[in-house]
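First up is the structure itself, then whatever we jot down about it.
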Amino acid sequence: MLIIDTDSHIIEAADLWTARMSKKKWGDNIPTVRWDEKTQMEAWFVGGKRFANAWSAAWVGWEKPFPSAPPRRENVYPPALDAAERVKVMDQTGIRAAVLYPNLAFVGYSIHKSLADPAYQLDVLRAYNDWLMDWVSVAPDRFIPLALTPYWDIDAAVAEVGRAAGMGYRGVVFPASPHTQNLPFLGDRHWDRLWSALQEAGMSVNFHAGEGDMSAYIGEARLKLEGPALMVARAQPTAFLYTAIQLVDLLHSGVLPRFPKLKFVFAECGIGWVPFVLEASDHHFIRNKVRAEHPEFELMPSEYYRRQVYSNYWFEDLEEWHIQKVGLGSILFETDFPHPTCLHGSQVQEAVNSRLKNVDKATRDAILWKNAADLYGVKV
C-alpha cells in the first residue's frame, strides 16, 4: 500500500521562536513555552499572556478524553515531535510522504497577533517557515511542508511566497474566509497579486477546516452544557460543514476563472457534502443566468471544482456515486496525525481496506497517492 497523507500536523517545538527571533529586539514578547501553575500544564506564553496548552494537538500516544492533554513535552508521543521518529511511523503505515500543517492557528486567531506590530507579526511567521524547513531537512523527500503567509499584508505576503518558493515549499496555508478577520472577501481583486505569485510559483493554496480557530465550536459554555465527549463529537462535523460555505465562496469568487492553473485544497473536511454543493451551485448558476452578468465564467461551478479544487477524506465509505459526483481527480486521502480525529497505526490500513473496498485498484491508487503526487510534485 502506498499513501501520500495530505493532512498531517507538526507539533511546534518549544524553542521555535526563542532560537530564531532577536531577544534584543523583542525581549519577553518572543513566544515561549513555560509551566502554567493554574492548569498544571506547559503552555505557550507571550510576555504574561497565556495562549494555549503547548501539547494539546499531540493526541496520539496520549488518547485520554478532551480536555486532557499531555502536560509536559516528555509526555508527548515522539513521532509527533521528531522528524526521524515520524518517518518510522510513516514507514509502518505505508505513507510515502506527508503534508504538514501548523497547529497554532496561524490561519485564524493566533500567537502572531499578540502584538499589534507588523514587524513582530512578520518575524514570528518567518521564524515558523524557517523552522519547518529545518524540521523536514531530516528527510526532505518524505514531507511536503506548507508555508505560512502574512495574508494581512499583501506586499509582505507576495514577498514571502517568493521566499518560500525559493526554500522549497510546495504550497501555502491561507484562510478560506479572510472577511471574518476584517480583510477583503476571497474574490476581491485585492488578492490577485498573491494568486498570481502562487500560480507562477506552482504552489497550491491550502485551506484547513476550522481555520485554526475552534472557539466557535469549543468553549467553556459548551463544555459546561455538553461535557467534553459530546462537545468534541459535535464540534468536529460542524467545522467540516462550515467548509461547504467556504467552497461556495470560492466557486463563485471569480478566482478560478482568472487563475486557471492555481490549485486549491480543502483539508480535514471529508467529501460527502461536496456533491450537494456542486449540484446546488450549478442549479442556481443556471437559474440566475450568471453568465449574462459575468461572462468570465466560461465553465460551470462543478467544472471549475474538478479542474482546480481538491478535498480530502479519511473516515467515509466511498461509493461509486461519490467519485462520479466529486470527480476522481479531486479526491485526496489524509490521516490528520496526530489530532483526535486522526487515523494512526493499524487504523490506516483498516480504513483503506474497509472504506475503499468498493473501488478498483486504479481508483484507489488515484485517491491514496497519485492525485497528491501530481498536485504537490512528489516523485514516487
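Conditions (1) crowded, with 20+ Cβ neighbours inside 10 Å; (2) of a type outside the set (Gly, Ala, Ser); (3) under 30 Å from Met1 (Cβ atoms); (4) without any contact (Cβ under 8 Å) to a residue 40 or more places away in the chain, marked per residue:
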residue	(1), (2), (3), (4)
Glu63	no, yes, yes, yes
Pro79	yes, yes, yes, no
Lys88	no, yes, yes, yes
Gln92	no, yes, yes, no
Ala116	no, no, no, yes
Val124	yes, yes, no, no
Leu132	yes, yes, yes, no
Phe143	yes, yes, yes, no
Leu146	yes, yes, yes, no
Fill in the blank from the handout: Counting only helices (runs of 4 or more DSSP H) entirely within the stretch 266-380, those with at least 3 residues that are within 30 Å of Trp55 (Cβ to Cβ) and open to solvent by less than 10 Å² (accessible area, probe 1.4 Å) are 346-355
Practice task
Check the stretch 171-194 and report whether any residue there is over 19 Å from Trp314 (Cα atoms), touching a Gly at 6+ places or on another chain (Cβ under 8 Å) and surrounded by 19 or more Cβ atoms within 10 Å (Cβ to Cβ).
Solution key: yes
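With more than 20 Å from Ser330 (Cα to Cα) and surrounded by 17 or more Cβ atoms within 10 Å (Cβ to Cβ) as the only criterion, which of Gly210, Gly219 stands out? Working first, answer last.
Numbers: Gly219 fails: surrounded by 17 or more Cβ atoms within 10 Å (Cβ to Cβ).
Among Gly210, Gly219, only Gly210 is more than 20 Å from Ser330 (Cα to Cα) and surrounded by 17 or more Cβ atoms within 10 Å (Cβ to Cβ).
Here is a yes/no grid of residues against (1) surrounded by 11 or more Cβ atoms within 10 Å (Cβ to Cβ); (2) in contact with a Leu (Cβ under 6 Å, 6 or more places away or on another chain); (3) over 25 Å from Asp336 (Cα atoms); (4) free of Cβ contacts under 8 Å to residues at least 12 places away in the same chain:
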| residue | (1), (2), (3), (4) |
| --- | --- |
| Lys23 | no, no, yes, yes |
| Trp26 | yes, no, yes, no |
| Val33 | yes, no, no, no |
| Asp36 | yes, no, yes, no |
| Met41 | yes, no, no, no |
| Trp44 | yes, no, no, no |
| Gly47 | yes, no, yes, no |
| Ala52 | yes, no, no, no |
| Ala57 | yes, no, no, no |
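Consider Tyr128 carefully, then state whether it is open to solvent by less than 30 Å² (accessible area, probe 1.4 Å), hydroxyl-bearing (Ser, Thr, Tyr) and out of contact with any Phe, Trp or Tyr (no Cβ under 9 Å at 6 or more places or on another chain). Reasoning before the result, please.
Details: open to solvent by less than 30 Å² (accessible area, probe 1.4 Å): yes; hydroxyl-bearing (Ser, Thr, Tyr): yes; out of contact with any Phe, Trp or Tyr (no Cβ under 9 Å at 6 or more places or on another chain): no.
Here the answer is no, as Tyr128 does not meet what is asked.
Being touching a strand residue (DSSP E or B) at 6+ places or on another chain (Cβ under 7 Å) and assigned to a loop (DSSP other than H, G, I, E, B) is the filter here, so list the residues in the stretch 53-73 that pass it.
Of the residues in the stretch 53-73, the ones touching a strand residue (DSSP E or B) at 6+ places or on another chain (Cβ under 7 Å) are 53-55, 57, 69, 71-73.
Listed by number, the residues that qualify are Ala54, Trp55, Ala57, Ala69, Pro71, Arg72.
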Problem - Selection status of Leu247, assigned to a helix (DSSP H, G or I), at pLDDT 95 or above and buried (at least 18 other Cβ atoms within 10 Å of the Cβ) - result: yes
Exercise for the section: Give the residues of the stretch 1-21 that are over 27 Å from Val46 (Cβ atoms) and outside any strand (DSSP E or B), sorted by residue number. Expected result: Met1, Leu2
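The values are calculated or read from the model by the stated rules, or taken from the named source; none is laboratory data. These figures come from a predicted structure and were not determined experimentally. A quick note on method: Cβ atoms are made from the backbone with ideal geometry, for glycine too, and the neighbour counts reach across all protein chains shown. Surface areas here come from the heavy atoms of the whole protein model, side chains and all, with no ligands, DNA or RNA. Shrake-Rupley method; radii C 1.70, N 1.55, O 1.52, S 1.80 Å.
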